[in-house]
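Encoded as structure tokens, the structure appears first; notes follow it.
The values are calculated or read from the model by the stated rules, or taken from the named source; none is laboratory data. If you're wondering where the values come from, they're calculated on a predicted model, not measured in any experiment. Quick reminder, even Gly has a Cβ in these numbers, built from the backbone with ideal geometry, and neighbours come from all protein chains shown.
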Amino acid sequence: MAKKTAKRRGNNEGSYMQLPSGKWRALYTLQGERKSLTAETKEDAVHAVAMAIADFEKRKGINDDLLVSEWLYMYMTRYMSHTTEETQIGYQRFIDNYLIPAFGKYKLTELTVSILEEGYATMFQSKQYNAKEKEYSHSTLNSVAVFFKKSLKRAVANGLLLHNPHEGVQLHKLRPPKEVTAYTADEQSIMVAKLNEKITSDAPYDFLYGIFYFLLGTGLRIGEAEALTWNDVNFEEKTITINKIVTEPHGSPIVNDRTKTAAGCRVISVSDKIIDYLAELKEKNDPERNFRNLIFVSSTGNFRTSANTRRLLQRFCDECGIEYRGLHALRHTWATRALEAGIDVKKVSVMLGHKNVVTTMNIYQHVLKESQDEVADMMNVFI
């Protein structure tokens, strides 16, 4: 028979009794509704009731009818309007093609870890959400999850949720992003030798290849390099200022005065060879044709398009007998060589314009692991 150990308490405070099993049951009232819970000890039961009452008080101002779809559009309007147009288009695609089909029907307060994980698992296994895409890339799905998690964090800050259900989500069903593939040191040597021929040639259009030499020597993003003007180069200090980026939200290049991240706005030092290359390139600059004062100008004197630059790199890789790995591989190649040379990862992170050093370490963990192995092998000499 249950043994009652405390008399009925005031409204909402609860009453407690020990069960034959030794556990404790609490009975309490919330807004006229009788509720109960069970805990291992009386102290745990008292604490659980207090937490339930506190949660109830917090929820008084929460809109339980707000749908996920409604919140996401509110989030975009209120908190993403400061981002670049290209970024906004990408986030809107996340919402329309992924998040709304998977979670839009739920009320914001209905989201749980299990609902979220089930939705992501379905995205991973199915192609039903976006008929225009043949398949979802794993990196895209990870980006969708990161965006959604941030939006729910904001919902908590706004008092629309008590906690972020995304905090407990494990995306183990999504394969990790594909490992970065940089050009090898031997491949880079072949490319640089060929590029030296191109940038010193007087043949028409060979000057276009110089951007690849520059990217291999600086690690800039392609959009950052395309946005550079001659005003951004300090030949005396041997530095370059990066404070804008070229994007193509509608297929045509435009300049954004904001870089990809806040850390992307930076001043970097460059090598003597890069400075010498830029000095020679500037001597050939035609201000009348290059009316935007761009360092890397198209054959028509305008911004280059990423599609044309990719095709040019593909053609160049074919000439070199090297597998084409994409424009971004040039940036990865610079970072890989820097880390292999023992440059501190924090310095590399700053040069790359990453948000923080953790981003750099996550992307180049395979290179850092190889460096650690070399240190471990070296210690054999001393022990």
Residues within the stretch 218-260 that are surrounded by fewer than 21 Cβ atoms within 10 Å (Cβ to Cβ) and assigned to a helix (DSSP H, G or I), tallied: 3
Subset tally (residues that are in a strand (DSSP E or B) and of a type outside the set (Gly, Ala, Ser)) for the stretch 261-289: 3
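Of the residues LEU281, LEU215, only one is over 30 Å from the mean Cα position of the chain (by Cα) and touching a residue at least 60 places away in the same chain (Cβ under 8 Å); which?
Going through LEU281, LEU215 in turn, the sole match is LEU281.
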Members of the stretch 269-301 that are buried (at least 18 other Cβ atoms within 10 Å of the Cβ) and in contact with a strand residue (DSSP E or B) (Cβ under 9 Å, 6 or more places away or on another chain): VAL270, ILE274, ILE275, LEU278, LEU294, ILE295
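So, LEU152, is that one at pLDDT 85 or above and assigned to a helix (DSSP H, G or I) or not?
On the way: at pLDDT 85 or above: yes; assigned to a helix (DSSP H, G or I): yes.
Answer is yes for this residue.
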Selection within the stretch 307-345 - in a loop (DSSP other than H, G, I, E, B) and closer than 14 Å to VAL192 by Cα: GLY321, ILE322
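Taking GLU226 as the residue in question, decide whether it is in the same structural domain as ILE322 (by TED's automatic domain parsing) and either over 28 Å from GLN88 (Cα atoms) or at pLDDT below 90 (or both). Don't jump to the end; show me each part of the working.
Numbers: in the same structural domain as ILE322 (by TED's automatic domain parsing): yes; either over 28 Å from GLN88 (Cα atoms) or at pLDDT below 90 (or both): no.
No; evaluated as a whole, the condition is false for this residue.
May I ask you to list the residues in the stretch 88-120 that are in a helix (DSSP H, G or I) and touching a strand residue (DSSP E or B) at 6+ places or on another chain (Cβ under 8 Å)? Don't jump to the end; show me each part of the working.
Our first condition is that a residue be in a helix (DSSP H, G or I); within the stretch 88-120, this holds for 88-103, 108-110, 113-120.
If the condition is that a residue be in a helix (DSSP H, G or I) and touching a strand residue (DSSP E or B) at 6+ places or on another chain (Cβ under 8 Å), then LEU108 is the only one that fits.
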Check on MET74, at pLDDT below 90 and in a helix (DSSP H, G or I): no
